[in-house]
């Protein structure tokens with residue numbers, strides 16, 4: 001039998017493929033089984049550091065309620081309670097961007113989270129609307145494109161608290177392209193799952209009316225290298241909601257609901273082996 005040059009080339013390629021497959025099989029057989037991984041240990045390691053960001057502060061009061069209650073005071077109170085709940089319920093280091101009535105520039109908040117190797121970043125806020133009947137909870141993650149006009153207006157209001165931060169979203173196309181690239185990374189998909197987990201807990205445990213998980217260009221979320229969300233706990237412009245938000249008992253309830261959402265997200269990481277599906281959708285197992 002005479003082999004042509006072409007046939008010899010094909011045969012050589014087939015031998016290489018078979019050798020590669022053979023050695024791949026050997027590596028697979030020698031590798032430790034996947035079920036040897038202790039997922040409980042992974043779950044504890046998946047969330048080691050949580051950074052909580054009480055919105056506004058100092059001269060930046062945020063929104064104000066009909067009776068004069070300031071957003072900055074409610075966000076700090078809920079954040080401090082959330083920190084205590086997380087310290088009690090999770091084996092994690094819990095940090096706050098502020099623990100008193102001081103102003104912190106927006107970009108420094110996520111920079112603080114990045115510098116401390118945070119695994120989760122949660123910014124606490126309360127909402128306001130011209131319609132005094134508006135009520136309920138909204139949970140956001142970062143996107144250059146807002147879910148709707150209300151989300152766009154809300155992000156513009158929050159961003160205007162810091163002129164330097166607001167300038168990010170009036171910059172040129174090159175910077176916006178960079179932000180878009182950042183928003184399409186794995187942390188963006190994980191932020192979506194975290195937002196969904198926290199939102200469901202706010203509805204279930206705290207009994208809040210849900211206004212949805214949404215996307216918006218919040219400066220305070222820009223640059224976060226970890227899953228990051230912004231929670232609008234309620235509407236301070238609604239007299240009954242202002243009263244609810246000012247109640248220590250209900251602030252504790254909101255804090256425990258957010259903490260439950262964080263734990264739910266940690267459990268998702270555990271079940272996924274540290275990976276979130278590309279769809280960013282939360283699935284119940």
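The values are calculated or read from the model by the stated rules, or taken from the named source; none is laboratory data. Everything numeric here is computed off the predicted structure, so don't read it as measured data. No Cβ is skipped: glycine too gets one built from the backbone with ideal geometry, and neighbour counts run over all protein chains shown.
Residues checked against (1) at pLDDT 95 or above; (2) touching a strand residue (DSSP E or B) at 6+ places or on another chain (Cβ under 7 Å); (3) closer than 24 Å to residue 140 by Cβ:
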site	(1), (2), (3)
23	no, no, no
31	no, no, no
72	yes, yes, yes
80	yes, no, yes
86	yes, yes, yes
Filter pass, residue 206 being crowded, with 24+ Cβ neighbours inside 10 Å, touching a helix residue (DSSP H, G or I) at 6+ places or on another chain (Cβ under 6 Å) and at pLDDT 90 or above: no
Residues 198, 229, 262: which one is crowded, with 24+ Cβ neighbours inside 10 Å and either at pLDDT below 90 or more than 30 Å from residue 130 (Cβ to Cβ) (or both)? 262
Would you tally the residues in the range 214-246 being in a strand (DSSP E or B) and within 14 Å of residue 258 (Cβ to Cβ)? 7
Qualifying residue in the range 182-195 (condition: at pLDDT below 95, touching a helix residue (DSSP H, G or I) at 6+ places or on another chain (Cβ under 6 Å) and in a loop (DSSP other than H, G, I, E, B)): no
If we scan the range 124-136, do we find a residue that is modelled with pLDDT under 95, buried (at least 18 other Cβ atoms within 10 Å of the Cβ) and in contact with a strand residue (DSSP E or B) (Cβ under 6 Å, 6 or more places away or on another chain)? no
When (1) part of a helix (DSSP H, G or I); (2) surrounded by fewer than 18 Cβ atoms within 10 Å (Cβ to Cβ); (3) at pLDDT 90 or above are applied to residue 271, the one that fails is (3)
For the range 85-98, which residues satisfy the criterion of being surrounded by 14 or more Cβ atoms within 10 Å (Cβ to Cβ) and free of Cβ contacts under 8 Å to residues at least 60 places away in the same chain? 87, 92, 93, 94, 95, 96, 97, 98
Can you tell me how many residues in the range 77-123 are under 22 Å from residue 248 (Cα atoms), out of contact with any helix residue (DSSP H, G or I) (no Cβ under 7 Å at 6 or more places or on another chain) and assigned to a strand (DSSP E or B)? 1
Of the conditions (1) within 20 Å of residue 235 (Cβ to Cβ); (2) part of a loop (DSSP other than H, G, I, E, B), the single one that residue 74 does not satisfy is (2)
